[in-house]
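Reviewing the structure listed below.
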Ligand code: SF4
């Protein structure tokens with residue numbers, strides 16, 4: 001469910017900038033661009049691409065590493081679209097976030113930094129990266145928990161099992177946790 005909501009939101013971002021695609025016809029010329037940041041506001045990406053002398057550019061319209069999303073506002077989308085229209089930059093490319101695995105035949109365990117950190121602390125996996133954690137969890141975690149696992153651990157990671165000094169004294173799952181790698185806690 002989270003994934004389908006994410007997909008819907010992502011598609012609404014694409015639709016927000018889509019008029020540019022419909023109104024212009026691309027030509028054969030090779031266009032050169034780079035990935036630029038949308039820090040502070042998405043339209044700033046256009047300024048950054050122009051500063052770098054690009055013909056086109058690529059952005060993430062939102063955080064590419066987590067399922068929790070901040071919606072683009074209609075004003076943000078309008079500002080961005082208008083700026084691109086006047087910039088001569090074309091086409092703007094929206095880089096898909098890292099999490100969806102289009103090659104997967106089924107839903108995946110969504111692993112971000114919270115899921116990676118807590119799974120290792122609990123001792124469920126012993127991995128060095130979220131990517132490795134995803135594969136390790138696929139082997140050990142029953143499929144029916146794949147979606148809810150992410151939701152629970154992200155919330156737990158933000159409120160109790162924080163990156164530095166987790167609040168183990170109030171953690172409801174202390175008895176199940178091996179606290180691997182935890183040197184300081186409250
Ligand atoms: S006991 Fe501590 S380290 Fe383990 S999950 Fe709870 S807060 Fe995190």
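Only the coordinates and a few stated rules stand behind these numbers; no lab work does. Note that this is a predicted model, so its numbers are computed, not measured. Virtual Cβ from ideal backbone geometry, glycine too; neighbours counted across all protein chains shown.
Under the classification rounded if a/c is under 1.5, otherwise prolate if a/b is larger than b/c and oblate if not, where does region 29-186 fall, given a ≥ b ≥ c as square roots of the Cα gyration tensor eigenvalues? Since a/c reaches 1.5 and a/b is larger than b/c, the shape of region 29-186 is classed as prolate. Sorted fewest first by neighbouring Cβ atoms within 10 angstrom, 118, 147 come out as 147, 118.
Ranked from highest to lowest mean number of other Cβ atoms within 10 Å per residue, what is the order of the peptides 165-174, 35-44?
Details: 165-174: 13.2, 35-44: 15.5.
Packing proxy ranking, top to bottom: 35-44, 165-174.
What shape does region 113-176 have by the C-alpha gyration tensor, where a ≥ b ≥ c are the square roots of the eigenvalues, rounded means a/c under 1.5, and otherwise prolate means a/b greater than b/c and oblate the rest? It is prolate, given that a/c is not under 1.5 and a/b is the larger ratio.
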